[in-house]
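The values are calculated or read from the model by the stated rules, or taken from the named source; none is laboratory data. Here the structure is a predicted model, which means the values were calculated and not measured. Note that each Cβ is placed from the backbone with ideal geometry, even for glycine, and that neighbours are counted across all protein chains shown. Calculation scope for accessible area: heavy atoms of the full protein, side chains included, ligands and nucleic acids excluded. Shrake-Rupley method; radii C 1.70, N 1.55, O 1.52, S 1.80 Å.
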Amino acid sequence: MVKFSREYDASIIPEWKPAFVDYKGLKKLIKKIKVARRDADDSSAGDSSPETAAGVESVGYGGGFSMLDPVRALAARFAPRVQATSEDEESGDSGEFVRSTDKHEREFLEKADEELEKVNTFYAAQEAELLGRGEALIDQLRILADVKRILDDHAATRHARGSLLGRSRSMRAVAPPSPALSNSGRYLLSGLATPQSMSDGSVELQQAQMTEGAAVADEVMAALERNGVSFVGLPGKKEGSGRGGRLQLPSTVRIDIPASNPGRAALKVWEELVNVLRKDGAAAFVHRKKVQHAEKNIRDAFMALYRGLELLKKFSSLNVKAFTKILKKFVKVSEQQRATDLFSQKSKRSSFSTSNKVLQLSDEVESLFLKNFAGNDRMVAMKYLNPQRPKNTHMITFLVGLFTGTFVSLFIIYAILAHVSGIFASAGNTAYMEIVYHVFSMFALISLHCFLYGCNLFMWKSTRINQNFIFDFAPNTALTHRDAFLMSASIMCTVVTALVINLFLRNAGASYANAVPGGLIVLSAGLLFCPFNVFYRSTRYCFMRIMRNIIFSPFYKVLMADFFMADQLTSQIPLLRHMEFAACYFMAGSFRANPYETCTNSQQYKHLAYAISFLPYYWRAMQCLRRYFEEHDINQLANAGKYVSAMVAAAVRFKYSATPTPFWVWLVLISSSGATIYQLYWDFVKDWGFFTPKSKNLWLRDGLILKNKFTYYISMMLNLVLRLAWTESVMKIRVSKNETRLLDFSLASLEIIRRGHWNFYRLENEHLNNVGKFRAVKTVPLPFRELETD
């Protein structure tokens, strides 16, 4: 049977851990009470031992043995103790013991009272926040329902009126449709025709347009006012009469969809431009696409609210159970039944134990979501509201072992065949080594990164770091460490299989041997873009979506997963160069047409390699600038400066490789040293949160997840050493061509290892920031908002 303390530690919400009752601290106080009472019992027994011996002799009734002697001895042993206890109540020594025991018991009760107040205060604050969020969200849902109903009714009315006015339109010149009657599904809240449209067409059509626009505007305003939205100016009133009559609508309410991608940004700019240029005092657009985005935002907000309510219910039940368990232990040790009953009653009267507002709101949210977003299908609703993790099966573990064993066996076979063929000798086939080195190093680096990501996932799970919440991944489709290990093992198994087949074909003299690396690339690309639900489709699509956001920086909103992946790319510059060679060799006409030197010696190739060295740093700098313009955080500008310094250092090293003169050596040392110091400072201080002033842990921070502090110091030294790998480019180590390739591959692997090592501490610091701010649920911006007016 698992102890409750372990079950409690495994069940608490990591981000709310400081708000939970300190069960271990209370258990330590109970142990103090137990030890104090045991010491007191031992001292009391030691003081009464001579009297006990005399009592045994006095009740012995002579020197003979009696069957009642054990009973008499037992009675004599306890009789003086009771008497001494009653007599010692007035003595100083016994009074000191009573005060000592009462001191520990009072300390426990005071500590328990503090914990109760802490839990109650946190619960009340979270309950009030969730209730307020729920009330606002329900109002948003009502506004959404009214706007959708108005648009549907408006479309039906327009269709009916269009059939009635068809005869009139056929007899007269066709007037250009007004924005209120456009078939694109876009409407203005004022719904009014422009003066140009009023000058064309029939009088009946113009009157119908004005009447329709006024009706739509009145209905929208009425719907918003019913849901507590206040207006300024002259809402719903018409200025003038006749043909010039126009409805003046306030523009205090709009559908606010964040410009998270270029399409939304362009639409927002266009709407702002139209609103500025319009001369008829119109308000904002109501577009069906915007309504769909608003509906999605409200659905996501309902899901986040439901998760928050579930977490708060879990918080309440765990703390109630913890207080019940600890009070049972206390009354068992101290025998303070009356104090325990009083505290238990106080605990049961607390809001976190008695309040049912969270339960009521949870049921209401569930019913509203079921009705509005799930088509009254409870299974669909629960799939969104409470997604379940897929059950772990032993099949994945079996496949990991199978692919790993196959990879090791095939790699040994390949090494033996390559050695027998003399491929790795200095006089070996140079073209073969160039092709194999670039293509298969690319897959090896990808596999290594997947393996290290699996190690990260395992460590995050072991230390209860909620990476799915930090990255905003769905828990039912997010990768586990076993999945990452399976991806790594399967990639390497496939790569080594292709190596062996390619070597067999080359030794057999087959002319199509080079098609094997190309086929491997085509197979990998096909699997990445495969639309079928095989080999982690949700993860593959998520990866492609993140890569799109990175490549088109800064036009997409930067999320945690986006800049985290961009940081990974800064460590995969050798991989990008290998991909460049593969693209040149297999897609630029070099295959079976030109020698392999075409993709290594041409000036275009060198310039492209220079640009590829810049790209990851450029993307990351653009992300920092986007975050600066959105958040106005000066640290983002400083972070962008770090990547600019890395670009400068890369440019200087590239120039030095072309012209290795002493002048460029000094420039490499200065630029690379400055960039390294900049990066180390950002790694230790900003990304990892170390070197906190007045920290209780020397050179670290106050909050540490790993128990052994020595691990953090080793990690800092390791990160420092691996950051200095660029010095190899200055040393100019004289080795053979094959040894140069092996050295480059080893340095690229070390950089990926450094990045995987960096990942853990980066997310640990992010997790501790969430814990410090009690962030366990994401906040979804609501679409309908009231604009600030003077």
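Of the residues Tyr556, Tyr541, which is within 30 Å of Leu625 (Cα to Cα), hydroxyl-bearing (Ser, Thr, Tyr) and buried (at least 19 other Cβ atoms within 10 Å of the Cβ)? Reasoning before the result, please.
Working: Tyr541 fails: buried (at least 19 other Cβ atoms within 10 Å of the Cβ).
That would be Tyr556, the only listed residue that is within 30 Å of Leu625 (Cα to Cα), hydroxyl-bearing (Ser, Thr, Tyr) and buried (at least 19 other Cβ atoms within 10 Å of the Cβ).
Can you find a residue in the range 519-540 that is assigned by the TED database to the domain that holds Ala582, of a type in the set (Ser, Thr, Tyr) and free of Cβ contacts under 8 Å to residues at least 24 places away in the same chain?
No, because not a single residue in the range 519-540 is assigned by the TED database to the domain that holds Ala582, of a type in the set (Ser, Thr, Tyr) and free of Cβ contacts under 8 Å to residues at least 24 places away in the same chain.
Going by what's in this entry, would Glu115 be described as surrounded by 18 or more Cβ atoms within 10 Å (Cβ to Cβ) and modelled with pLDDT under 95?
yes
Return the only residue of Phe97, Phe122, Phe108 being surrounded by 16 or more Cβ atoms within 10 Å (Cβ to Cβ), modelled with pLDDT of 75 or more and over 34 Å from the mean Cα position of the chain (by Cα).
After applying the criteria, what remains is Phe108.
Only one of these is in the same structural domain as Leu131 (by the TED database), of a type in the set (A, V, I, L, M) and not in a helix (DSSP H, G or I): Ala381, Ala374. Name it. Reasoning before the result, please.
Details: Ala381 fails: not in a helix (DSSP H, G or I).
One residue alone meets the criteria, Ala374.
Answer yes or no: is there a residue in the range 347-360 that is assigned to a loop (DSSP other than H, G, I, E, B), of a type in the set (Gly, Ala, Ser) and closer than 28 Å to Ala124 by Cα.
Yes, the range 347-360 contains a residue that is assigned to a loop (DSSP other than H, G, I, E, B), of a type in the set (Gly, Ala, Ser) and closer than 28 Å to Ala124 by Cα.
Does Asp139 satisfy the condition of being open to solvent by less than 40 Å² (accessible area, probe 1.4 Å), assigned to a helix (DSSP H, G or I) and not aliphatic (A, V, I, L, M)?
no
Conditions tested, residue by residue: (1) among the hydroxyl-bearing types (Ser, Thr, Tyr); (2) in a loop (DSSP other than H, G, I, E, B).
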| site | (1), (2) |
| --- | --- |
| Met544 | no, no |
| Arg548 | no, no |
| Tyr556 | yes, yes |
| Gln568 | no, no |
| Pro574 | no, no |
| Tyr585 | yes, no |
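State which residue pairs qualify: first residue closer than 13 Å to Lys773 by Cα and modelled with pLDDT of 85 or more and inside the range 2-16, second residue surrounded by 16 or more Cβ atoms within 10 Å (Cβ to Cβ) and small (Gly, Ala, Ser) in any location, beta carbons under 6 Å apart, and separation of 6 or more residues or different chains.
If the second residue must be surrounded by 16 or more Cβ atoms within 10 Å (Cβ to Cβ) and small (Gly, Ala, Ser), the pairs left are Glu15/Ala776; Trp16/Ala776.
If we keep just the residues of the range 362-371 that are of a type in the set (D, E, K, R) and either open to solvent by 40 Å² or more (accessible area, probe 1.4 Å) or not assigned by the TED database to the domain that holds Ala128 (or both), which is farthest from Ala136 (Cα to Cα)?
Step by step, filter the range 362-371, then rank; the result is Lys371.
Would you be able to tell me the number of residues in the range 654-674 that are within 36 Å of the chain's Cα centre (by Cα) and either open to solvent by 20 Å² or more (accessible area, probe 1.4 Å) or not small (Gly, Ala, Ser) (or both)?
Residues meeting the conditions: 3.
Which residue, of Glu739, Glu728, is acidic (Asp, Glu) and under 25 Å from Met647 (Cα atoms)?
One residue alone meets the criteria, Glu728.
Do we find that Phe543 is touching a residue at least 24 places away in the same chain (Cβ under 8 Å) and either over 18 Å from Tyr643 (Cα atoms) or assigned by the TED database to the domain that holds Ile491 (or both) in this structure?
Values: touching a residue at least 24 places away in the same chain (Cβ under 8 Å): no; either over 18 Å from Tyr643 (Cα atoms) or assigned by the TED database to the domain that holds Ile491 (or both): yes.
So Phe543 does not fit the description; no.
Among the helices (runs of 4 or more DSSP H) confined wholly to the range 675-790, which include 3 or more residues that are touching a residue at least 60 places away in the same chain (Cβ under 8 Å) and open to solvent by 40 Å² or more (accessible area, probe 1.4 Å)?
Counting at least 3 such residues, we get 737-772.
Do we find that Phe710 is within 26 Å of Lys655 (Cβ to Cβ) and not hydroxyl-bearing (Ser, Thr, Tyr) in this structure?
No; evaluated as a whole, the condition is false for this residue.
Please count how many residues of the range 449-503 are in contact with a Phe, Trp or Tyr (Cβ under 6 Å, 6 or more places away or on another chain), open to solvent by 40 Å² or more (accessible area, probe 1.4 Å) and either free of Cβ contacts under 8 Å to residues at least 40 places away in the same chain or not in a helix (DSSP H, G or I) (or both).
0
Criterion first (under 27 Å from Phe398 (Cβ atoms), in the same structural domain as Ala418 (by the TED database) and of a type outside the set (Ser, Thr, Tyr)) does Phe504 satisfy it?
In short, no.
Within the range 392-413, is even one residue of a type outside the set (Ser, Thr, Tyr), open to solvent by 30 Å² or more (accessible area, probe 1.4 Å) and touching an Asp or Glu at 6+ places or on another chain (Cβ under 7 Å)?
Scanning the range 392-413 turns up at least one residue that is of a type outside the set (Ser, Thr, Tyr), open to solvent by 30 Å² or more (accessible area, probe 1.4 Å) and touching an Asp or Glu at 6+ places or on another chain (Cβ under 7 Å).
Quick one: in the range 2-21, which of the residues that are open to solvent by 60 Å² or more (accessible area, probe 1.4 Å) and not β-branched (Val, Ile, Thr) is farthest from the chain's Cα centre (by Cα)?
Looking at the filtered set, the residue picked out is Lys3.
Asn376: open to solvent by 80 Å² or more (accessible area, probe 1.4 Å) and farther than 28 Å from Lys17 by Cβ, yes or no? First the steps, then the outcome.
Numbers: open to solvent by 80 Å² or more (accessible area, probe 1.4 Å): yes; farther than 28 Å from Lys17 by Cβ: yes.
Yes.
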